[in-house]
Amino acid sequence: MPPLENPRHEAFAQALVEGLGTGRTHAEAYSVAGYTSNPKAAKASASRLLKGAKHIVERVQELQAEAATHKRVTVESIVEELEGARQIAQVNKQASAMVAASTAKAKILGLEVNRTELGRPGDFDAISNKGELADIYLLQANADAVITVDKRNMVIAELERHMSAISAIAASSDHPQQ
């Protein structure tokens, strides 16, 4: 259905649809559309118009359907909703709700890191060389892995690279230890 021929009827339909998300009343939508701003008169007139002009109701339904097809859930939209919830919680002085909203935002944005410790205490006590350590890592990553010399050497090289970086951090005097 194209926009309604009567511009005020179209504006009323648009205002009604917009009002669904903001809590705008029929009377307020009626006033936004350019009709009277008297609250009592707007309420009565809006009701009368909706009862008598079925094309406005049909247009509202059409606009709602269009909005539903265009509304996509994205990371940005979810983060925006959570930020709104966090702000409401802040206004209401609900610290736990604020923390919950911020935590949910961090999860969605990938800022929360979940760490899982592999192995049990003492699993690495019997290791005597880097090759054995590499084999344990390969098996923990994939219990069915076929350990080849190349795989073992790649893991050892990666371990040595990490050790070099850790040694450089430890030797650095730029940052005092806490």
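A few comments on the model shown:
- Estimated purely from DSSP H runs of n ≥ 4, each contributing -39500 (n - 2.57), the mean residue ellipticity at 222 nm for the chain is -22000 deg cm²/dmol once divided by its residues.
- Each Lys or Arg adds one and each Asp or Glu subtracts one; over the other residues with Cβ under 13 Å from the Cβ of residue 84, this totals -2.
- For a straight C-alpha distance cut-off of 19 angstrom, the aspartates and glutamates reachable from residue 43 (same-chain residues fewer than eight places away being disregarded) are 10, 18, 28.
- Bridging of residue 40 to lysines at a Cα separation below 24 Å is possible for 51, 54, once same-chain residues fewer than 8 apart are set aside.
- Kyte-Doolittle mean at least 0.0 and Cα axial length at least 30 Å: DSSP H helices in the chain: 149-171
- Candidate values (1) 56; (2) 74; (3) 49, label of the one derived for percent of Cα pairs over 20 Å apart: (2)
- Of the GluC sites (Glu not before Pro) in the range 1-90, the ones in a loop by DSSP (not H, G, I, E or B) with at most 10 other beta carbons within 10 Å are 5.
- Around the Cα centre of the range 33-178, unit charges on the Cβ atoms of Lys, Arg, Asp and Glu (plus for the first two, minus for the last two) sum to a dipole of about 1500 debye.
- Listed by chain and number, the aspartates and glutamates whose alpha-carbon sits under 18 Å from that of residue 130, ignoring those within fewer than 8 places in the same chain, are 150, 158, 160.
FYI, it's all coordinate maths here, none of it is from the lab. What you are looking at is a predicted structure, and each value in this text was computed from that prediction instead of being measured. Heads up, the Cβs are rebuilt from the backbone with ideal geometry, glycines too, and the neighbour counts pull from every protein chain shown.
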